[in-house]
1. Would region 35-42 turn up any residue that is part of a loop (DSSP other than H, G, I, E, B), among the β-branched types (Val, Ile, Thr) and buried (at least 16 other Cβ atoms within 10 Å of the Cβ)?
2. Starting from region 179-192, keep only residues that are open to solvent by 10 Å² or more (accessible area, probe 1.4 Å), then list their pairs with residues that are part of a loop (DSSP other than H, G, I, E, B) and not small (Gly, Ala, Ser) whose Cβ atoms are within a distance under 7 Å, requiring at least 6 positions of separation or different chains.
3. I want to confirm something. Restricting to region 226-277 and keeping residues that are hydroxyl-bearing (Ser, Thr, Tyr) and over 17 Å from Val211 (Cβ atoms), which single residue is surrounded by the fewest Cβ atoms within 10 Å (Cβ to Cβ)?
4. Could you list, ordered by first residue, the pairs with Cβ atoms under 7 Å in which the first is in region 1-28 and in contact (Cβ under 8 Å) with a residue 12 or more places away in the chain and farther than 18 Å from Lys47 by Cα and the second is open to solvent by less than 50 Å² (accessible area, probe 1.4 Å) and assigned to a helix (DSSP H, G or I), at least 6 apart or interchain?
5. Return the residues of region 198-225 that are acidic (Asp, Glu) and open to solvent by less than 60 Å² (accessible area, probe 1.4 Å); say none if nothing qualifies.
6. Specify which of the listed residues (Asp100, Asp4, Asp53) is outside any strand (DSSP E or B), modelled with pLDDT of 95 or more and under 21 Å from Ile128 (Cβ atoms).
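The values are calculated or read from the model by the stated rules, or taken from the named source; none is laboratory data. Remember, predicted model here, so these are calculated numbers, not experimental data. Virtual Cβ from ideal backbone geometry, glycine too; neighbours counted across all protein chains shown. These area figures cover heavy atoms from the full protein model, side chains too; ligands, DNA and RNA do not enter into them. Shrake-Rupley method; radii C 1.70, N 1.55, O 1.52, S 1.80 Å.
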Amino acid sequence: PIQDFYLKDVLSELDYTFINNDDEVIKPSADSKFFQDGNINYDLLAKLVDHVDRKLANEGNSGSILIFLPGVLEIKKCLNALDNDRYWSLPLHSALSSQDQKRIFNNPPRGQRKIVASTNIAETSITIPDAVVVIDSGRVKTVQYDHKSNSTKLVESWASQAEVGQRRGRAGRVQSGLCYKLYTENTLGLMLPQAIPEIKRTKLESIYLVVKAMGIKDVHQFLQNGLEPPEKQNVENAKRVLGEVGALHNDEMTCLGNYLSMLPTDLNSGKMLIFGAIFGCLDACLTLAAVSVSGNPFIVKHEERDEVKKVQMKFANGNGDMM
């Protein structure tokens, strides 16, 4: 079982106040515009962690606290606010090395409580067995497609009811737990029941090409049979891009399009690899394609950036390159 606390309960339990720029003591309400807009109050978050830590200590509970935040920047701000000798604070997000990610499963040093600040990576794919408390900001960052500019962007918004339900469940995996929600019950009611499916918020070039390779003439009509069909404009944009790449001509598959539909990669990388094979420079094209889709191959920690830079310079030999 999991006991739930909403924002009004948090403010009441902490008797939370802050001093504004005019040196006035302010006692915020749960329905203030600051909280309704989804802003994260890191001072409140730090005080809540202190409160929960004392509560668990009084019960003799050594379990860890899992905090859900929308992104890496928010995780850094949170951990800075939790700079306390009583805590063993760890970040958790996809940009960390697997070695750093695995630290969350270790026991904390003696006399310290483990605090994990995570993105939605810990919603379903990772279970931290000793997590007994979840603190949920209710926020999430997702990739969203803008059909007007035919581009994707990372947008922060309220999570869906299904997502916050998954977060809540992380507190009760192996024992009873607590879930503190930094939003109101009213905000929960306004959240989408489910997250927007990926097919409605990403580019569709690869899907269009695969459907076309199956022999389907009208791709848009075919996709309309799905549970959550994409917008027609998104499909038309995919068709246009495929024509520009040379994978389609008059909405018919070209020879290049046939080969691209067989490659499990994005269009640009696929075309580069095919031309690399044709022109006898596949090895270089493989490297370029790998670097272009995987981002920075170096693990960069803020506190170790000077050391990382020295290592990177060893690869330079006085010349510029893709790295």
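1. Of all residues in region 35-42, those part of a loop (DSSP other than H, G, I, E, B) come to 37-41.
So of that shortlist, the ones also among the β-branched types (Val, Ile, Thr) come out as 40.
Remaining after also requiring buried (at least 16 other Cβ atoms within 10 Å of the Cβ): 40.
Scanning region 35-42 turns up at least one residue that is part of a loop (DSSP other than H, G, I, E, B), among the β-branched types (Val, Ile, Thr) and buried (at least 16 other Cβ atoms within 10 Å of the Cβ).
2. Lys181/Tyr6; Thr184/Tyr6; Thr184/Asp31; Glu185/Tyr6
3. As a first pass, look at region 226-277 and keep what is hydroxyl-bearing (Ser, Thr, Tyr): 254, 259, 261, 265, 269.
Then drop every residue that is not over 17 Å from Val211 (Cβ atoms), which leaves 265, 269.
Details: Thr265: 15, Ser269: 18.
Restricting to residues being hydroxyl-bearing (Ser, Thr, Tyr) and over 17 Å from Val211 (Cβ atoms), the top hit is Thr265.
4. Pro1/Gly172; Ile2/Ala171; Ile2/Gly172
5. Going residue by residue through region 198-225, those that are acidic (Asp, Glu) are 198, 205, 218.
Within region 198-225, Glu205 is the sole residue that qualifies.
6. Selected residue: Asp53, the only one of Asp100, Asp4, Asp53 that is outside any strand (DSSP E or B), modelled with pLDDT of 95 or more and under 21 Å from Ile128 (Cβ atoms).
A quick yes/no check of all residues on (1) over 25 Å from Glu304 (Cα atoms); (2) open to solvent by 50 Å² or more (accessible area, probe 1.4 Å); (3) among the hydroxyl-bearing types (Ser, Thr, Tyr):
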position	(1), (2), (3)
Lys102	no, yes, no
Asn106	no, yes, no
Ser118	no, no, yes
Pro129	yes, yes, no
Ile135	yes, no, no
